[in-house]
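Following: one structure in structure tokens, then a few remarks.
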Ligand code: COA
Ligand code: AMP
């Protein structure tokens, strides 16, 4: 069947479609039906009993794939390479789970994982899944404060961390960050497990911290604990409009059914294939396509500790694809732009044999046509932009390579996947004609594997996603659908920006800036950046009478954002202005400021209080050199 038939089959009988997909999963007790009209937005396979770790690991050993590599760790930073078979993975995960169980971790307990790109991060996730414990992975580029916020929100019984992460030319000292976060948080975990890396052995706190190896020494391995289909598998925090991140929940059964379906139908991956998502376990791409998706499919996943460039050169993608015979490669457009900038002719990557490669998938931000075409021309394989979010856990729209390769339209992530009835709405919530820009929304219910709610925040969930357009899930993206049903995602409708494929909240940065004693008012916007897509730019209005120069205050707030949010915010630029442009009701006109900074045409907002301020903004940007940087 082609895409049209499969999409129509889902639309005609969603229940039957997902029950059929569920047949590829090993159930302890199969679901009696797919959809349950319960919870804030519906739930899937709620009455089943299942274990995600069993499906991702053990069942492949039972099926005779025990000697196949499950994980390949390749770190051009440490110059090391390691393979772990499915049998080894099962034994390692069962042992770690046994040790966690012996310390009292069980079904429903939360465990925070704060680790870099090492296989132990996946093992920690899987050990939690094995026990029915709910993991919450925190990205290593966040600072102690962000970790503390997450500790207080999900109140973990334990934290599993590494002694350090490795960025090119810099050791990221995880342990002091962890200690500071625990000190700052009101909630205290009962214990921590620290994976000591050879690059840095961290000091442990007696009675609280255990070293990874001694923690597991001599323990009985744990079996998989069956959990209900709607048992939360994990919590993953993502940026919202405020400094308080949203704890996206993933229910167990829907998650594994949907991911398993995507591996074959979207990515064209079967058992035994090698799949590489060059992301980080701290992001949703890492959860879905470094850890669970490829393992559910019985494929080999690559855990890559490196960067597209500089580790050691822009050929690293080629080396990994060649050496590990990668069939499908998934990265962010920004990573491709980084390679292209250093090696426009793609000589480094093309120096390697890429004959195993069948397709390149891009996501995380809009894939600009130049980037897509550059990859197509140089790697000579289909390049597939696909659109999704932390909230959905898998692609809302894609070109379903595993089903058929549809016509590529540059600038479009193609068509909706089964499960998603995507509509573009006007402000009143009415669908708009093809080609008309509007808010992109998905008709409820969302498919399996998407968020059923936010962790302990049903009301926030309803308000953030279900209220503006009753009957729909609001994606927060703006775009349009063309006459052929292809979707185009153009911008966010909220204060979320996308920096190097990382989703960040300008609201969170504003909270940091406004806590500086000299700052009276501030605004952070995302301005266009040729490499990272967007970078944050902070506008500062200073309190009357304070004596501090623009460079000095700039340096101070940049450091504050780095300390409070983390280096990943990539917050480097500030401008001091006398006042901010606002509507008559006092709303800061961030979108207009962004247009000015990007040198784009804009319509004077009808509700602007004082249009003259826009000229002041333009002048301040010129003076500070920020318009030149983006022109
Ligand atoms: N742990 C600690 N620090 C981290 C980190 C991590 N896991 N990841 C990034 N950082 C730090 C970087 O070291 C950098 O610090 P610096 O200010 O001291 O230099 C800062 O955060 C900003 O990082 P980044 O925005 O990634 O910029 P970069 O210049 O280091 O690299 C790219 C630019 C484009 C090469 C890189 O961002 C990239 O590969 N992006 C792909 C993103 C991706 O895969 N997203 C997932 C969605 S698919
Ligand atoms: P995240 O939750 O970090 O995955 O970020 C999700 C957001 O990134 C989406 O809401 C979009 O704004 C943006 N995004 C991700 N993938 C794409 C894509 N292929 N095209 C356009 N925007 C994208």
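Give me the helices (runs of 4 or more DSSP H) completely within the range 161-269, filtered to those with at least 3 residues that are in contact with a strand residue (DSSP E or B) (Cβ under 6 Å, 6 or more places away or on another chain), ordered by residue number.
By residue number, 252-265.
Conditions (1) part of a loop (DSSP other than H, G, I, E, B); (2) under 33 Å from the mean Cα position of the chain (by Cα); (3) under 21 Å from residue 622 (Cβ atoms), marked per residue:
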residue: 575; (1), (2), (3): no, yes, yes
residue: 578; (1), (2), (3): yes, no, yes
residue: 585; (1), (2), (3): yes, no, no
residue: 591; (1), (2), (3): no, yes, yes
residue: 594; (1), (2), (3): no, yes, yes
residue: 599; (1), (2), (3): yes, yes, yes
residue: 602; (1), (2), (3): yes, yes, yes
residue: 610; (1), (2), (3): yes, no, yes
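Conditions: (1) farther than 30 Å from residue 558 by Cα; (2) surrounded by 22 or more Cβ atoms within 10 Å (Cβ to Cβ). Residue 474 meets all but one. Number of the miss?
That leaves (2) as the condition not met.
Which numbered condition in (1) within 11 Å of ligand 1 (Cβ to nearest atom); (2) at positive phi is the only one that residue 334 fails?
So the condition that residue 334 fails would be (2).
Only one of these conditions is not met by residue 318: (1) out of contact with any strand residue (DSSP E or B) (no Cβ under 8 Å at 6 or more places or on another chain); (2) touching a residue at least 60 places away in the same chain (Cβ under 8 Å); (3) assigned to a helix (DSSP H, G or I). Which number is it?
(2)
Only residues that are crowded, with 21+ Cβ neighbours inside 10 Å and not in a helix (DSSP H, G or I): list them for the range 325-353, please.
The answer is 326, 327, 328, 329, 330, 331, 332.
If I ask for residues that are buried (at least 19 other Cβ atoms within 10 Å of the Cβ), in contact (Cβ under 8 Å) with a residue 40 or more places away in the chain and either touching a helix residue (DSSP H, G or I) at 6+ places or on another chain (Cβ under 6 Å) or over 21 Å from residue 110 (Cα atoms) (or both), which ones from the range 194-235 would you list?
Selection gives 195, 197, 215, 216, 222, 224, 225, 227, 229, 231, 233, 235.
Does any residue in the range 269-282 that is over 11 Å from residue 298 (Cβ atoms) come within less than 7 Å, Cβ to Cβ, of a residue that is part of a loop (DSSP other than H, G, I, E, B) and within 16 Å of ligand 2 (Cβ to nearest atom) six or more places away or on a different chain, and which pairs are these?
Here the result reads 280/139; 282/138; 282/139; 282/140, each pair linking the range 269-282 to a residue that is part of a loop (DSSP other than H, G, I, E, B) and within 16 Å of ligand 2 (Cβ to nearest atom).
Going through the range 469-505 one residue at a time, which ones are outside any strand (DSSP E or B) and either at pLDDT 95 or above or within 15 Å of ligand 1 (Cβ to nearest atom) (or both)?
469, 470, 471, 482, 483, 484, 485, 486, 500, 501 - these are the residues of the range 469-505 that are outside any strand (DSSP E or B) and either at pLDDT 95 or above or within 15 Å of ligand 1 (Cβ to nearest atom) (or both).
Just checking: which of the strands (runs of 3 or more DSSP E) contained wholly in the range 58-134 hold 2 or more residues that are farther than 19 Å from residue 300 by Cβ?
110-114
Does residue 448 satisfy the criteria of being modelled with pLDDT of 95 or more and either more than 29 Å from residue 243 (Cα to Cα) or surrounded by 21 or more Cβ atoms within 10 Å (Cβ to Cβ) (or both)?
Criteria met by residue 448.
Got at least one residue in the range 511-529 being in contact (Cβ under 8 Å) with a residue 60 or more places away in the chain, out of contact with any helix residue (DSSP H, G or I) (no Cβ under 9 Å at 6 or more places or on another chain), within 16 Å of ligand 1 (Cβ to nearest atom) and assigned to a strand (DSSP E or B)?
Checked the range 511-529: no residue is in contact (Cβ under 8 Å) with a residue 60 or more places away in the chain, out of contact with any helix residue (DSSP H, G or I) (no Cβ under 9 Å at 6 or more places or on another chain), within 16 Å of ligand 1 (Cβ to nearest atom) and assigned to a strand (DSSP E or B).
The values are calculated or read from the model by the stated rules, or taken from the named source; none is laboratory data. The structure presented is a predicted model; accordingly, all values stated were derived computationally and were not measured. Every residue, glycine among them, receives a Cβ derived from its backbone with ideal geometry; neighbour counts consider all protein chains shown.
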